[in-house]
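What follows is a short report on a single structure.
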Amino acid sequence: MSSYALFLGCTIPARQPNYELSARKSLAKLGVELVDLANFTCCCPPPVQSIDLETSLAVAAYNICLAEEADLDMVTLCSGCFESLAMTNTMLKNDEELRARINRILTEAGKEFAGNKEVKHFLQVLVDDVGLKRLKQSVTRPLNNIKAAAFYGCHALRPSELLKLDDPERPRILENLIETLGAKSVEYRNKLKCCGGLLRGFSDDLALNLAKEKLANTAKAGADCIATLCPFCFIALDLGQLQIRSKLNETFNMPVLHYSELLSLALGIDPKELALETHKIKADGVVSKILRSR
Amino acid sequence: MNQAKAFSNVVTSRLGGETITACYQCGTCASSCPVAKITERFNPREVIKLSLLGEKDEVIAGDAIWLCCSCYNCQERCPQKVEIADVIYALRNIALKEGYIPNIYSEFASALSNDGRIVGVSKFVESKRPTLGLPPLQPTGMEALKKILSATGFTKLQKKEEKS
């Protein structure tokens, strides 16, 4: 059984029990143990990198140090956390000068970055530790009649040289994981384009226009739902639909489900245990389609 | 030293800004940019050009650098390996040091210093965790964080920002 330090971040505990519950329950079912360590802080994602990059690297490195002390690799559910932690981990492992610079800062907090642990995204744990074959065998409720639009967002894939999750221009990891559950992964225009999430709060009009394009393209492709892997993308597309309705006067009604939620349903977990009421665009239609197909 | 050289030295000496001088203005970044596709207010090639020409005030006081959505498409595709998204972070870092900071980033900075997270978890949401079947939240490492923020100068930067 593999064990990981779970880096929960902030948006998930603040707003998305649906993501946390489905990730915890599905990994438990698949025999992956999650350990909740004390004293993690903000991961320092792009908004903090925008304020001071050196601070972001130092705080991200501090968080990795906690996993190193516990002798555990880390797993993140949020792509913002993944970008910050995996990027910092690779940069500090590869660049001695930078590592020394950051370690001088960490000394103040009694830490030293050693660089002997991995930072993985939830999807990587499924592929590397469980494996698609065992995952397929664990499916008790195949999603046979579901068409899902794989939505990568940005920070699971890019900067690819540092994150190493998949090919940044032609990734397959999420499509493969979707199809392993029995669902169909539908292709749509501009699949790898940004959700606009990071412009929310600074330029809402641009953010909503970017999200609108994603929704229009996935709807046109005939998707039953969008499958996400990041809480920011989820907000941009789910809550975003209510804002697009009121501000841009366009209605989509496209359910957005985290991959972990589709996975949990396919593993036979009771939908009532997944806090699906968190969704602004109700997922009931997709869930009943899945339950009916048994 | 001329104005152009002086500002590009400032940018290249900052984390993230090191590669800016390799830009030869081909425009691959602009044609890969999802924001540039829907507005004329942001164009990564233009931001880099103005920076290399030493138009510091226009770059750091303007809105453009804050309109990058940090998607890294441009950075992936740049034939000169200019780390464009990181250059934008460096420009934002410089802007902030000089007192230009959008409200939302100000809020992120205070939230980080005060709560250790940029999105706060309310007491109400935290109290619902057991009913949902979620384990209690672990404590945040505020003590260590405060030391790190003070060592990097973030605390000072933020205090200055709050005063202005």
Kindly check whether there is at least one residue in region A:282-291 that is touching a strand residue (DSSP E or B) at 6+ places or on another chain (Cβ under 8 Å) and within 23 Å of A:Ser79 (Cα to Cα). yes
Quick check on region B:95-104: of everything there that is surrounded by fewer than 21 Cβ atoms within 10 Å (Cβ to Cβ) and part of a helix (DSSP H, G or I), which residue is nearest to the other protein chains (Cβ to nearest Cβ)? B:Ile104
What is the number of the single condition among (1) more than 10 Å from chain A (Cβ to nearest Cβ); (2) under 20 Å from A:Asp204 (Cβ atoms); (3) without any contact (Cβ under 8 Å) to a residue 12 or more places away in the chain that B:Ala64 does not meet? (3)
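Condition check: out of contact with any Pro (no Cβ under 8 Å at 6 or more places or on another chain), of a type outside the set (S, T, N, Q) and under 26 Å from A:Cys10 (Cα atoms). Does B:Lys81 satisfy that?
In short, no.
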Looking only at region A:193-212, which residues are of a type in the set (A, V, I, L, M, F, W, C) and surrounded by 19 or more Cβ atoms within 10 Å (Cβ to Cβ)? A:Cys194, A:Cys195, A:Leu198, A:Leu199, A:Leu206, A:Ala207, A:Leu208, A:Leu210, A:Ala211
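Answer yes or no: is there a residue in region A:139-154 that is closer than 21 Å to A:Leu237 by Cα and surrounded by fewer than 19 Cβ atoms within 10 Å (Cβ to Cβ).
Here is the first cut: in region A:139-154, the ones closer than 21 Å to A:Leu237 by Cα are A:146-154.
Restricting the remaining residues to those that are surrounded by fewer than 19 Cβ atoms within 10 Å (Cβ to Cβ) gives A:147.
Yes, because at least one residue in region A:139-154 is closer than 21 Å to A:Leu237 by Cα and surrounded by fewer than 19 Cβ atoms within 10 Å (Cβ to Cβ).
Can you confirm whether region B:43-55 contains a residue that is small (Gly, Ala, Ser), at positive phi and either within 11 Å of another protein chain (Cβ to nearest Cβ) or surrounded by 15 or more Cβ atoms within 10 Å (Cβ to Cβ) (or both)?
yes
Condition check: free of Cβ contacts under 8 Å to residues at least 24 places away in the same chain and among the hydrophobic types (A, V, I, L, M, F, W, C). Does A:Leu199 satisfy that? First the steps, then the outcome.
Working: free of Cβ contacts under 8 Å to residues at least 24 places away in the same chain: yes; among the hydrophobic types (A, V, I, L, M, F, W, C): yes.
So A:Leu199 fits the description; yes.
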As an exercise: evaluate B:Arg92 against (1) more than 9 Å from chain A (Cβ to nearest Cβ); (2) of a type in the set (D, E, K, R); (3) in contact with a helix residue (DSSP H, G or I) (Cβ under 6 Å, 6 or more places away or on another chain) and give the number of the one condition it does not meet. (1)
Suppose the filter is outside the structural domain of B:Ile38 (by TED's automatic domain parsing) and closer than 29 Å to A:Thr107 by Cα; does B:Lys159 pass it? yes
Answer residue from region A:25-43, given it is outside any loop (DSSP other than H, G, I, E, B) and touching a residue at least 12 places away in the same chain (Cβ under 8 Å) and is farthest from the other protein chains (Cβ to nearest Cβ) among those: A:Val32
Name the single residue, out of those in region A:44-85 being within 9 Å of chain B (Cβ to nearest Cβ) and assigned to a loop (DSSP other than H, G, I, E, B), that is farthest from A:Cys233 (Cα to Cα). A:Asp52
Is at least one residue of region B:80-87 at pLDDT 95 or above and surrounded by fewer than 20 Cβ atoms within 10 Å (Cβ to Cβ)? yes
Report yes if some residue within region A:206-218 is free of Cβ contacts under 8 Å to residues at least 12 places away in the same chain and in contact with a Gly (Cβ under 9 Å, 6 or more places away or on another chain); otherwise report no. yes
For region B:154-161, does any single residue satisfy the condition of being hydrophobic (A, V, I, L, M, F, W, C), part of a helix (DSSP H, G or I) and at the interface with chain A (Cβ under 9 Å from one of its Cβ atoms)? yes
Output the number of residues of region A:213-245 satisfying the condition of being surrounded by fewer than 17 Cβ atoms within 10 Å (Cβ to Cβ) and either under 23 Å from A:Ala14 (Cβ atoms) or modelled with pLDDT under 95 (or both). 1
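Looking for something assigned to a helix (DSSP H, G or I) and either out of contact with any Ser or Thr (no Cβ under 7 Å at 6 or more places or on another chain) or within 14 Å of chain B (Cβ to nearest Cβ) (or both) - is there at least one such residue anywhere in region A:138-156?
Checked against the condition, which is being assigned to a helix (DSSP H, G or I) and either out of contact with any Ser or Thr (no Cβ under 7 Å at 6 or more places or on another chain) or within 14 Å of chain B (Cβ to nearest Cβ) (or both), region A:138-156 yields at least one hit.
Residues that are more than 21 Å from A:Phe82 (Cβ to Cβ): which helices (runs of 4 or more DSSP H) entirely in region A:190-294 hold 3 or more of them?
A:204-220, A:239-243, A:284-292
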Of the residues in region A:169-189, those that are assigned to a loop (DSSP other than H, G, I, E, B) and free of Cβ contacts under 8 Å to residues at least 12 places away in the same chain number 2
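The values are calculated or read from the model by the stated rules, or taken from the named source; none is laboratory data. A quick note: this is a predicted structure, and the numbers were derived from the prediction, not measured. Every residue, glycine among them, receives a Cβ derived from its backbone with ideal geometry; neighbour counts consider all protein chains shown.
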